[in-house]
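Chemist: Here it is: the structure, laid out below.
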Amino acid sequence: MRPARLPRRTSRARPGLHWLTDEAEHERALAYLTSGTGYQLTLYDESTRYVLLAYPAGATP
């Protein structure tokens, strides 16, 4: 089995790059998810807003 290939870093990937190194935000996400609550992250790009949602397994959105 081949490992998954990571997408190229394009201008579309830039809004999420900061999140990858934001330890405080990672802790916040982990706190929400381990307590059974969903986590929402909103990323902004020039004229686009991306809303990412994550819920722990078994949780109802």
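Chemist: Across the range 31-39, in residue order, what do the Karplus-derived ³J(HN,Hα) couplings come to in whole Hz, using 6.51 cos²θ - 1.76 cosθ + 1.60 with θ = phi - 60° and x for Gly and Pro?
Modeler: Residue by residue, the range 31-39 yields 4, 4, 5, 6, 8, x, 9, x, 10 Hz.
Chemist: Full extension from E23 to T37: what is 0.36 nm times the residue separation minus their Cα-Cα distance, to one decimal in nm?
Modeler: On the way: separation 14, 0.36 × 14 = 5.04 nm, distance 1.91 nm.
Value of the extension gain: 3.1 nm.
Every read-out reported here was derived from the displayed coordinates using simple, explicitly stated rules and does not represent laboratory data. Quick caveat: nothing in here was measured; it's all calculated off a predicted structure.
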